[in-house]
Amino acid sequence: MRILTGLQPSGKLHVGNYFGAMKPAVELQQQGEGFYFIADYHAMTSGRDAAALKENIRELAIDFLACGLDPEKSMFFRQSAVPEVNELAWILSTVCPMPLLAKCHSYKDKVAQGISPNHALFAYPVLMAADILLYDSQKVPVGKDQKQHLEVTRSLATKLNEAYGDGTAVMPEAIIKEETELVIGLDGRKMSKSYDNTLPIFGEEKQLRKLVMKIVTDSTPVEDPKPTENSTIIALYKLFASEADLQTMIADHQRGGCGYGDFKKRLADAYWDYFSNMRKRREEILKDPSYVDQVLAHGAKRAREESAIVLGRIKKAVGLA
Ligand code: ADP
Ligand code: TRP
């Protein structure tokens, strides 16, 4: 089984990225062949700071490795290290109806946020489909916000097969876990870099604890019972705490007598402890600056070999080879 996912190097990784995409990807490494990449071409659709891109690529590589990506088991590479992905994107463009792209939420959201609607932003899902189809990927772990992009990918695979014969493209499937498909942020909206409401995975302890204290709560007095439905504190605590601690937290909300400050402290402790092994691993990785470069070079070589086989098959099917 082939598993693939990509993450954009567009800023600090957060808890939403971890539970939505990275954790499932790391777990699936046991069940098949992982293709995990840094979507650097995609990141260019929303930023033009070359130095920042370079730095973010490196940071993302370090963080993903620290979070458990095993470069012995999986291929870990930069999207741009396999430039053939653009060739496949072009082929897919030729079977992609314009309205399929025009209805994508992600495009509309980004334009609404003020990002200029350039062609790459519009064609973003076609490149993403090429990422997936280039490796005959079967399972794609992502958060809910990528569901529509996976539907576009499946639609393009179908169109390619209809035009050039069954088996030209392999049909992928999104892996979206219900419990973690949409991690909420400090303000109760979807956790996202663009909303500035994230809990980063790595960072300085004092700062991370301070962020937890920023969670928006209601004004129920300390002695009164607190609502457990739609509680940001409980939703986040659920990700980090044991079942027993979660039940205690819920019971303490229902009983009253504990304030939000106390609940936030418990959440901050659980959040800090949860990533402690990953922080240690990150420190190890940082000791050898050449390690990351070696991993990415090796991953790119292997990924490129695999991509050549699939692209060769597709080019033959469409009459280019
Ligand atoms: P952001 O919204 O912060 O820019 P990205 O779009 O770079 O995050 O997302 C990278 C991966 O993390 C994708 O698979 C995405 O679905 C997942 N993801 C991002 N935010 C969340 C979230 N709040 N809950 C679950 N998964 C998420
Ligand atoms: N669009 C994804 C995001 O913003 C990143 C991505 C690019 C991706 N190519 C992919 C995810 C292929 C899964 C598969 O998060």
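Summary table below
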read-out: Computed over the stretch 203-274: relative contact order in percent, which uses C-alpha pairs under 8 Å that are six or more apart; value: 44
read-out: Nearest-ten-degree value, helix 289-318 long axis tilted from longest Cα axis of the chain; value: 50
read-out: The chain - accessible surface per residue (Å², probe 1.4 Å); value: 48
read-out: Cα pair distances in the stretch 203-274, grouped into 5 Å bins until the bin that holds the longest one, percent each; value: 3, 17, 30, 26, 16, 7, 1
read-out: Asn86 paired with Arg255, simple spin-label distance in nm, labels 7 Å along Cα-to-beta-carbon; value: 6.3
read-out: Label-point separation in nm, Asp218 to Ser155, each point 7 Å along Cα→Cβ; value: 4.0
read-out: Nearest-10 value in Å² for the accessible area of Phe35, using the 1.4 Å probe; value: 0
read-out: Greater than 30 Å apart at Cα, pairs in Lys108/Lys264; Lys23/Lys210; Lys110/Lys265; Lys238/Lys287; Lys23/Lys206; Lys73/Lys110; value: Lys108/Lys264; Lys110/Lys265; Lys238/Lys287; Lys73/Lys110
read-out: Rounded to 10°, Cα long-axis angle of helix 260-274 versus longest principal axis of the chain; value: 40
read-out: Those residues of the stretch 222-246 whose amide nitrogen sits under 19 Å from the label point placed on Glu179, 7 Å along Cα→Cβ; value: 229-246
read-out: Size of electric dipole in the chain: Cβ of Lys, Arg +1 and of Asp, Glu -1, about Cα centre, debye, nearest 20; value: 540
read-out: The stretch 244-267-the stretch 81-122 distance, computed between alpha-carbon centres (Å); value: 45
read-out: Surface accessible to a 1.4 Å probe, Leu182 within the full protein complex, Å²; value: 80
read-out: Efficiency of FRET from Cβ geometry, Lys210 and Lys108, R₀ 45 Å, rounded to 0.05; value: 0.85
read-out: Rounded to 10°, Cα long-axis angle of helix 50-66 versus longest principal axis of the chain; value: 70
read-out: FRET efficiency, Ser116 to Asp196 (Cβ-Cβ, R0 25 Å, nearest 0.05); value: 0.75
read-out: Where only C-alpha atoms are counted, convex hull volume of the chain per residue in Å³; value: 139
read-out: Potential lengthening between Ala235 and Tyr274 on full extension [0.36 nm per residue; Cα-Cα distance subtracted]; value: 12.5 nm
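The values are calculated or read from the model by the stated rules, or taken from the named source; none is laboratory data. This one's a predicted model, so the numbers in the text were calculated from it and none came from an experiment. Note: ideal-geometry Cβ built from the backbone for every residue, glycine included; neighbour counts use all protein chains shown. Just so you know, the surface numbers come from the protein's heavy atoms only, side chains and all, with ligands and any DNA or RNA stripped out. Shrake-Rupley method; radii C 1.70, N 1.55, O 1.52, S 1.80 Å.
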